[in-house]
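K.L.:
Sending over a structure as C-alpha cells; questions will come in a sec.
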Amino acid sequence: MRLGGEVKIKMTKEYFISLADYNLWANDIVQGWLNSLTDEQWNQTIVSSFNSIKETALHLTGTESVWLDRLNKVEAPVWLPPVFTGSKKEMLDRWNKASQNIKSFVEKFDETKMNEKLDFKRL
C-alpha cells in the first residue's frame, strides 16, 4: 500500500517467510560462486572490509548463526570468526544450515508474538 509517497509493508509471518526464502536463494548463488574459488583466491589478501574472501564469508556465517541464537534466546551465543577453524566446505555448510534454520524458525514462529521485545547483548 502506498501512502503519501512511501511504501508501507505489513510485517506479517508470510512477509518474513518470503525474506527467509530470498535469503536462502541469494546465499545459494553466493555460495555457488564461493565454491568455485581456488584455495588461493579464497585466502588471498584483499583490500576490503575484511582481509580476504574467507574472512568475509566467515563474518556472514557468524552473523546468521548469532542472530539465529539470539532469536532462539541462547544465553551465550558464540561469535564464530575468532573460533572457527574448519574448512571452506564446513563453513559454507554451517552458513547454509543457519539460513535454513532461520527459515524454520520463522515458519514455526507464533505470529501473535511478533511485537514482543527481543533482548540481546552485543558481542
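K.L.:
How large are Rg and Dmax for segment 30-123 when only the alpha carbon atoms are used, in Å?
P.N.:
15.3, 49
K.L.:
Of 7, 74, 34, which is farthest on the positive side of the dipole of segment 1-97, counting Cα position, with +1 on Lys and Arg Cβ, -1 on Asp and Glu Cβ, and the Cα centre as origin?
P.N.:
The one lying farthest along the dipole's positive direction is 7.
K.L.:
Continuing with the same structure: Pop out the carbon and sulfur fraction of the accessible area of segment 24-90 as a percent, whole number, probe 1.4 Å.
P.N.:
The computed percentage sits at 56.
K.L.:
Roughly how tilted is helix 53-71, in degrees to the nearest 10 and between 0 and 90, from the longest Cα axis of the chain?
P.N.:
It is inclined by approximately 30 degrees.
K.L.:
List nothing, just return the count: lysine pairs in the chain, 8 or more apart or interchain, with Cα separation under 13 Å.
P.N.:
So the count works out to 8.
K.L.:
Quickly work out the residue 21-to-residue 85 label distance, labels modelled 7 Å from Cα along the C-beta direction, and quote it in nm with one decimal.
P.N.:
Calculated label separation equals 4.2 nm.
K.L.:
Can you run phi through the Karplus equation (6.51, -1.76, 1.60; θ = phi - 60°) for segment 96-112 and list ³J(HN,Hα) in whole Hz, with x for Gly and Pro?
P.N.:
4, 5, 4, 4, 5, 5, 5, 4, 4, 4, 5, 4, 8, 5, 7, 4, 5
K.L.:
Moving to a separate point now. Mind checking the dipole of the chain: about its Cα centre, +1 per Lys or Arg Cβ, -1 per Asp or Glu Cβ, Debye to the nearest 20?
P.N.:
With only Lys, Arg, Asp and Glu charged at Cβ, the dipole is about 320 debye.
K.L.:
Using the beta-carbon distance between residue 105 and residue 51 and R0 = 35 Å, what value does 1/(1 + (r/R0)^6) give for FRET efficiency, to the nearest 0.05?
P.N.:
E between residue 105 and residue 51, to the nearest 0.05, is 0.65.
K.L.:
Which ³J(HN,Hα) values, rounded to whole Hz and listed in residue order, are derived for segment 9-17 from phi using the Karplus coefficients 6.51, -1.76 and 1.60 in 6.51 cos²θ - 1.76 cosθ + 1.60 with θ = phi - 60°, glycine and proline given as x?
P.N.:
10, 7, 7, 10, 4, 4, 4, 5, 5
The values are calculated or read from the model by the stated rules, or taken from the named source; none is laboratory data. This is a predicted model, so every value here is computed, not measured. Counting neighbours? That spans all protein chains shown, and the Cβs are built from the backbone with ideal geometry, glycine included. Heads up: the accessible areas ignore ligands, DNA and RNA and are worked out on the full protein's heavy atoms, side chains in. Shrake-Rupley method; radii C 1.70, N 1.55, O 1.52, S 1.80 Å.
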